[in-house]
Every structure is written in C-alpha cells, then in structure tokens.
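For reference, the structure discussed in these notes is given below.
The values are calculated or read from the model by the stated rules, or taken from the named source; none is laboratory data. These numbers were taken from a predicted model, which means no experiment stands behind them. Note: ideal-geometry Cβ built from the backbone for every residue, glycine included; neighbour counts use all protein chains shown.
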Amino acid sequence: MRELSAALALSPVTVVAALRELRQRGIVLTKERRRTIINPRPPLPSSIAPASLPRGTRDLASGLPDPRLLPHGRAVLRSLTLPTDSYPDEGTLPALVGEARRQFAEAGVAAEDICVVSGALDGVERVLGAHLVAGDGVLVEDPGYPAVFDLLRAMGLVPVPVPLDDRGLLPKALASALRSGARALILTPRGQNPTGAALDVDRAKALRELLRRAPDLLVIEDDHQGPVSGVRGQSLIAAQRRWAVVRSVAKSLGPDLRVAFVTGDAETQARVAGRFAFGPGWVSYILQRAVLELLRSPKIRAQLARTTRTYAERREALIAALAEHGIAATGRSGFNVWIPVVDESVVTAALLQCGWAVAPGARFRIASPPAVRVTTATLGPDESRRFARDFARVLHASPRPRTA
C-alpha cells in the first residue's frame, strides 16, 4: 500500500479504499501476510464446437473410447424400473455404494463414505471447493488434462506444473514443487491424459514417502479410467490428512452416463456431500440404477475385460510400430500415446495432409516440451504400421526430429 501510495501520488487512505472496492468486485485478492494480487479467475469462454475434419481423415485426436467397445447392455437397461414420480429418500442407492467400494478396493483404497456426483471433473471441482480459496496453488501434472487447467483457472486457483514420465510424477520434481506453498495436488494414477502414464509400485512408494513431508496437502486422485486403463491401480493417499479419490464410469460404460464416485477423508466427504445435498441434491436415480445394473452384469464384466485387452493391444501396437522407426513414445496405460516432436504445428499439419488427425500438445502443456497426442482407442494394427510410416516420413522432413 505504501508503494502504491508513493507511485501514484495518492494518500494511503485513498489506496486502502480503492483496494477494498477492488476486493469487493473480485478484481484483486489479498491473503494474510501476502501482497495483494490480481485475481487469476478469467472470464469463462463459451463452448466451441470442434472443427470438422476433411472427408476421409482418420480421427486420432478425440481422446475418446471406441464406441464399438462400450457395453450397450440393452437387455440390462430394458429391465430397469425407472423411478420418476417422487423425490428419493436417499441421495445414493445403497447397492451402488457397495459396487463403488469394490471399485475403489481394486486400487487399494478403503472407501468408508462415498458420494455420487455428475462425472469425474464435477467430483474434482467439489473437492477443491471444499478446501481451497481463490489464489491458492495446485500442483498438476505437466503435460496434463487441459480441462483440469481450465477448471483451476475458472476457480481462481493457480496451476503449478510438475513434470512426469511414463511412470507418473517425477519424485525430484515433486519434492521441489512441494516447496512452492501449493495447497493441493491433482494426479491421474493411470490412464493419464495425454501421456498414458501410470504409477507402478516403486514410483508410488517413492511419491508416498515424499508426501509424508506434506501431510496437510490435499491430494486428489482422478482415476477416471479405472481398470479399463490396463494396469493395476496405485494410490498415494495413505499418509494424507485430506484426500479424495474420484472414479468415473464414462470411459468404461459410456460418456453420457454422468456418474462418478468420490471417496475421501471424513471431513472432505462431509463437505462434498453436504454441499451437493444443498445444490443438485442427488444424481438421477435413473442413471444410478443404469450404472448399478451394468456393473452387476456378468456379461458386461466379461465384455469390459475383453475391452481392456483390446485397448492395451492397440496402444502397444502403435508404440511398437513407432519404435521400429526409431521414434520414442510413451503410453503405459489407457488409450493415448504421447510423441515428443520439435514443432507441433508442422507435424500436425503434415499428418493431416497424409489423412491423420492428431492432437497438438500445446493445450496439454504448461512448461513441458512440444509433443502430439495420438488416441489409439480405435486404431487397428495395420493402421498403426501405416501411421508409423507416415509419421516417420513427416519427422524426416521436419528439422531435427526427436528420436529414440
């Protein structure tokens, strides 16, 4: 305030009054023992329809599951009794809570209380809102999911990038980032978007040891793919006082089933469930019953096991085809592969001319180097070989390609 008063040749009383009004308007933020800063919360953009691709272009940019591998379960859904005539007695079907507990147990997470919310990002947002305020820093994977970056900025939170490799967050980088004063960490333990990274036993153990030094850090695990990612789940929440794990069904059962499960420590769960009760109240029982019956069905479980193997085969086929041309790529899980390049725009445009649409990495990156994301969910082995040949030709024509 003294600096502003001197720089603007105004009295301290005027500066105090101006800052007070700016705070009331949400333009600036002032935190105890810290300077006043401009509120990082941006205007929210309206949704933009994706650009149409040229006829005949193979879309490997979507990041979506293969619709042909999603369980339709028409016979299961036709048998449902759909409650639409009254308000439910409970916000969550007790039987669905039991299925959710089994889902969490697969990743070694003991779920006491469970809240059902409308998708994985809805769960992440509610957990963040339960503990953080605008201006707080949040550790995020870099590269990472752009919707998480957008969500943080929309909430006035500050993303703090932490680099990762194919086994998840780098321990040395996390150790350094923990000194930033950030109040939360969001990570994807497997099926990471965009890199396909997945924690293994050794990396998870190393990261848990680091997090023991920050027991008050809020740790949120967005396990949006679950077992369909193709690897066993690992969790980092063992020593945390405040934590949450979010599990969605969108990638396994279908994107329009807007159902996700949230579990966490007692305080976090109470805040999330209580706030949800005063807002939406509950997730539609129609959706809850549909998800419950699909998760219970032996036929659907068998289909999901086949789907998991198919995604793994397609992802591994592309990585192997690229390796034959000396091209390094990551993708231990899920259905995305991350390929480092020198110039994203040049590679993306050249591949489009060859009939392949891939996602440039800029939207996924904060401080990490350039790359492109390739979605392998629908990519057959023969296509993988053709794509790898075209990719190699594009890199050969580009300046100084990154190779293995």
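Look at the range 329-350 and say how many of its residues are under 15 Å from residue 62 (Cα atoms) and part of a helix (DSSP H, G or I).
The first filter runs over the range 329-350 and keeps only residues under 15 Å from residue 62 (Cα atoms), leaving 334-338, 348.
Checking the rest, the ones that are also part of a helix (DSSP H, G or I) come to 348.
Going through the range 329-350 one residue at a time, the tally reaches 1.
Can you go through 85, 142, 89, 150 and tell me which one is out of contact with any helix residue (DSSP H, G or I) (no Cβ under 6 Å at 6 or more places or on another chain) and modelled with pLDDT of 95 or more?
142 is the lone residue from the list that is out of contact with any helix residue (DSSP H, G or I) (no Cβ under 6 Å at 6 or more places or on another chain) and modelled with pLDDT of 95 or more.
When you check residue 202 against the structure, is it within 15 Å of the chain's Cα centre (by Cα) and not hydrophobic (A, V, I, L, M, F, W, C), yes or no? The answer is no for residue 202.
Matching residues to (1) among the small types (Gly, Ala, Ser); (2) free of Cβ contacts under 8 Å to residues at least 60 places away in the same chain; (3) in a loop (DSSP other than H, G, I, E, B):
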residue	(1), (2), (3)
262	no, no, no
276	no, no, no
281	yes, no, yes
295	no, no, no
307	no, no, no
323	yes, no, no
327	no, no, yes
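Yes or no: the range 144-157 includes at least one residue that is within 29 Å of residue 359 (Cα to Cα), of a type in the set (Gly, Ala, Ser) and surrounded by fewer than 16 Cβ atoms within 10 Å (Cβ to Cβ).
Applying the first criterion (within 29 Å of residue 359 (Cα to Cα)) to the range 144-157 yields 144-157.
Retained after the next criterion (residues that are of a type in the set (Gly, Ala, Ser)): 144, 147, 154, 156.
Now drop any that are not surrounded by fewer than 16 Cβ atoms within 10 Å (Cβ to Cβ), which leaves 147, 154.
Yes - at least one qualifying residue is present in the range 144-157.
Could you tell me whether residue 196 is at positive phi and surrounded by fewer than 24 Cβ atoms within 10 Å (Cβ to Cβ)? Please lay out each step first, then the result.
Working: at positive phi: yes; surrounded by fewer than 24 Cβ atoms within 10 Å (Cβ to Cβ): no.
No, not satisfied.
Results for (1) of a type outside the set (A, V, I, L, M, F, W, C); (2) at pLDDT 95 or above, shown as yes or no for each residue.
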| position | (1), (2) |
| --- | --- |
| 198 | no, yes |
| 215 | yes, no |
| 222 | yes, yes |
| 238 | no, no |
| 250 | no, no |
| 258 | yes, no |
| 281 | yes, no |
| 284 | yes, no |
| 288 | yes, no |
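Only one entry of 339, 300 meets the criterion of being surrounded by 15 or more Cβ atoms within 10 Å (Cβ to Cβ) and within 27 Å of residue 54 (Cβ to Cβ), and that entry is 339.
The number of residues in the range 100-117 being surrounded by fewer than 19 Cβ atoms within 10 Å (Cβ to Cβ) and either farther than 20 Å from residue 236 by Cβ or not assigned by TED's automatic domain parsing to the domain that holds residue 264 (or both) comes to 1. Quick check on residue 163: is it part of a strand (DSSP E or B) and modelled with pLDDT of 95 or more? For residue 163, the condition - part of a strand (DSSP E or B) and modelled with pLDDT of 95 or more - is met. Is there a residue in the range 200-217 that is crowded, with 22+ Cβ neighbours inside 10 Å, on the phi < 0 side of the Ramachandran plot, in the same structural domain as residue 123 (by TED's automatic domain parsing) and in contact (Cβ under 8 Å) with a residue 60 or more places away in the chain? Within the range 200-217, none of the residues are crowded, with 22+ Cβ neighbours inside 10 Å, on the phi < 0 side of the Ramachandran plot, in the same structural domain as residue 123 (by TED's automatic domain parsing) and in contact (Cβ under 8 Å) with a residue 60 or more places away in the chain. Counting the residues of the range 335-390 that are without any contact (Cβ under 8 Å) to a residue 24 or more places away in the chain, touching a strand residue (DSSP E or B) at 6+ places or on another chain (Cβ under 7 Å) and charged (D, E, K, R) gives 0.
Quick check on my filter: what residues within the range 243-293 are among the β-branched types (Val, Ile, Thr) and surrounded by fewer than 19 Cβ atoms within 10 Å (Cβ to Cβ)?
Of all residues in the range 243-293, those among the β-branched types (Val, Ile, Thr) come to 245-246, 249, 259, 262-263, 268, 272, 283, 286, 291.
Answer for the range 243-293, where residues must be among the β-branched types (Val, Ile, Thr) and surrounded by fewer than 19 Cβ atoms within 10 Å (Cβ to Cβ): just 286.
The number of residues in the range 241-267 that are in contact with a Lys or Arg (Cβ under 9 Å, 6 or more places away or on another chain) and over 20 Å from residue 98 (Cα atoms) comes to 1. Answer yes if at least one residue in the range 136-144 is without any contact (Cβ under 8 Å) to a residue 60 or more places away in the chain, part of a strand (DSSP E or B) and of a type in the set (Asp, Glu), and no otherwise. Within the range 136-144, one or more residues are without any contact (Cβ under 8 Å) to a residue 60 or more places away in the chain, part of a strand (DSSP E or B) and of a type in the set (Asp, Glu).
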